[in-house]
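Q: I'd like to ask you about the structure that follows.
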């Protein structure tokens, strides 16, 4: 199943404007193949209801047999962890309630595995595109790079 909503938007709040987009991948518990048409439909409906309740906008949802890809836009006050927790907990509860045979298939009582993958996605492209954009600012002066950080693992 692939569900695609309109493209990302600028979210205007009282003191900020943001376009924060995340790619979230959630595998099913035990990597069991439980994504059926019925489960896909419940997942989509639940996510759209989440959009109305939380400030989480689903740009795209795509399911493979044992995991789901979400392209999500949200606000700066929601951490990636909060977004993943809300999506996983509410969708799991709804799937178990509306498709009870899935709960029997996943004998542990959980729909999603404990882990997930989440990454930021830029509205205007890659890190290189943003670097080029920043370099082209300030047309009256030449751009001077005064710091370039190196990614370090904690």
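The values are calculated or read from the model by the stated rules, or taken from the named source; none is laboratory data. In this text the structure is predicted, and so the values were computed from the model without any measurement. Ideal geometry is used to build each Cβ from the backbone, glycine not excepted, and the neighbour counts take in all protein chains shown.
Q: Test residue 65 against the stated conditions and say whether it is in contact (Cβ under 8 Å) with a residue 24 or more places away in the chain and exposed (fewer than 14 other Cβ atoms within 10 Å of the Cβ). Even if it seems obvious, please write down each step before you answer.
A: Working: in contact (Cβ under 8 Å) with a residue 24 or more places away in the chain: yes; exposed (fewer than 14 other Cβ atoms within 10 Å of the Cβ): yes.
Criteria met by residue 65.
Q: Return yes when residue 50 is surrounded by 14 or more Cβ atoms within 10 Å (Cβ to Cβ), in contact with a strand residue (DSSP E or B) (Cβ under 6 Å, 6 or more places away or on another chain) and either part of a strand (DSSP E or B) or free of Cβ contacts under 8 Å to residues at least 12 places away in the same chain (or both) and no when it is not. Reasoning before the result, please.
A: Working: surrounded by 14 or more Cβ atoms within 10 Å (Cβ to Cβ): yes; in contact with a strand residue (DSSP E or B) (Cβ under 6 Å, 6 or more places away or on another chain): yes; either part of a strand (DSSP E or B) or free of Cβ contacts under 8 Å to residues at least 12 places away in the same chain (or both): no.
Criteria not met by residue 50.
Q: Can you find, within the stretch 56-80, the residue that is farthest from residue 37 (Cα to Cα) among those that are in contact with a strand residue (DSSP E or B) (Cβ under 8 Å, 6 or more places away or on another chain) and not in a strand (DSSP E or B)? Break it down into steps so the answer makes sense when it comes.
A: Filtering the stretch 56-80 for residues in contact with a strand residue (DSSP E or B) (Cβ under 8 Å, 6 or more places away or on another chain) gives 56-63, 66-76, 78, 80.
Pick out the ones that are also not in a strand (DSSP E or B) and you get 66, 75-76, 78, 80.
Values: 66: 13, 75: 31, 76: 33, 78: 30, 80: 28 Å.
Residue satisfying both the conditions and the ranking: 76.
Q: Hey, among the residues in the stretch 30-46 that are within 16 Å of residue 66 (Cβ to Cβ) and touching a strand residue (DSSP E or B) at 6+ places or on another chain (Cβ under 9 Å), which one's surrounded by the most Cβ atoms within 10 Å (Cβ to Cβ)?
A: 43
Q: What single numbered condition from (1) under 15 Å from the mean Cα position of the chain (by Cα); (2) in a helix (DSSP H, G or I) fails to hold for residue 23?
A: Only one criterion in (1) under 15 Å from the mean Cα position of the chain (by Cα); (2) in a helix (DSSP H, G or I) is unmet by residue 23, namely (2).
Q: Let me ask something else about it. What single numbered condition from (1) touching a residue at least 12 places away in the same chain (Cβ under 8 Å); (2) touching a helix residue (DSSP H, G or I) at 6+ places or on another chain (Cβ under 8 Å); (3) surrounded by 15 or more Cβ atoms within 10 Å (Cβ to Cβ) fails to hold for residue 108?
A: If we test residue 108 against (1) touching a residue at least 12 places away in the same chain (Cβ under 8 Å); (2) touching a helix residue (DSSP H, G or I) at 6+ places or on another chain (Cβ under 8 Å); (3) surrounded by 15 or more Cβ atoms within 10 Å (Cβ to Cβ), just (3) comes out false.
Q: Can you name every residue in the stretch 81-119 that is assigned to a strand (DSSP E or B) and either out of contact with any strand residue (DSSP E or B) (no Cβ under 8 Å at 6 or more places or on another chain) or modelled with pLDDT of 95 or more (or both)? Quick ask: steps written out before the conclusion?
A: So the first thing to find is which residues in the stretch 81-119 are assigned to a strand (DSSP E or B), and the list is 112, 117-119.
Answer for the stretch 81-119, where residues must be assigned to a strand (DSSP E or B) and either out of contact with any strand residue (DSSP E or B) (no Cβ under 8 Å at 6 or more places or on another chain) or modelled with pLDDT of 95 or more (or both): just 112.
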